[in-house]
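The values are calculated or read from the model by the stated rules, or taken from the named source; none is laboratory data. Note that the coordinates shown come from a computational prediction; the quantities given were computed from them, not determined experimentally. Every residue, glycine as well, gets a Cβ built from its backbone with ideal geometry; the counts of neighbours run over all protein chains shown.
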Amino acid sequence: MKLIKICYVDDKQDLVLSDYLLKFCERKSEFQYEYTEHRFTRDDSYQTLLDNTDLNESDIIVIDSWLFNSSDFQGEKLTGEQFKIVLKKIFPYKKTIVISQNEILDDSMTISKYRTSNKRQSSEEYYDEILMPILEKYTKECTEEKRLINTISHGSAIDSVLVSKIEKNLEGLNDETLIKKSDLDKLIDLFQEVKGKYDDEK
């Protein structure tokens, strides 16, 4: 049974969400889970997150949308959605779920945190409806990818160097050449430029 690691990243821990994720990982399932949390502090940046062991070893990352926009944060102003794009470039096999307490655009994959004003559902019912299907989908994708790379590594159809790079990427290891800060800055600038044009057109 392949182990699936889930990491929740936030500057202010949402206890309801944290409790739900922990229970999800501890429930009886055909999959085995390990749950960790990382509290984002004013000393953090997107670069420190990319170097963080818990994130590097995780398969699924749940991250707050306004993580980099807290009033006492002095570093790069970056949204969880933008970090998701950066992470996908460096670790394409990791799955990222962005969650927010703010209003969500209709065309966004970001999901809303549970609000206590929701009298129709309990927090568990709410997350069972909107979060659990995503967690289960990503779990199956991660499990399939690990199984396939294991099959590939025992064959000879694909170059062993390429297979090794894929294996390391799945494990959260990467070549330093892929994590150049200048390249990441360019990617972030491009994302913000596109987002700015999109906002102007609305």
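Odds and ends about this structure:
- In region 11-55, the residues that are in contact with a Phe, Trp or Tyr (Cβ under 8 Å, 6 or more places away or on another chain) and in a helix (DSSP H, G or I): V16, L17, S18, Y20, L21, L22, F24, C25, E26, Y46, L49
- For region 90-140, residues that are among the β-branched types (V, I, T), in contact (Cβ under 8 Å) with a residue 24 or more places away in the chain and outside any helix (DSSP H, G or I) total 5.
- Residue identified as under 13 Å from the mean Cα position of the chain (by Cα), modelled with pLDDT under 95 and either surrounded by fewer than 22 Cβ atoms within 10 Å (Cβ to Cβ) or hydrophobic (A, V, I, L, M, F, W, C) (or both) among D11, D44, D54: D54
- For region 94-126, a residue qualifies if it is crowded, with 17+ Cβ neighbours inside 10 Å and more than 21 Å from K12 (Cβ to Cβ), and the qualifying residues are K94, K95.
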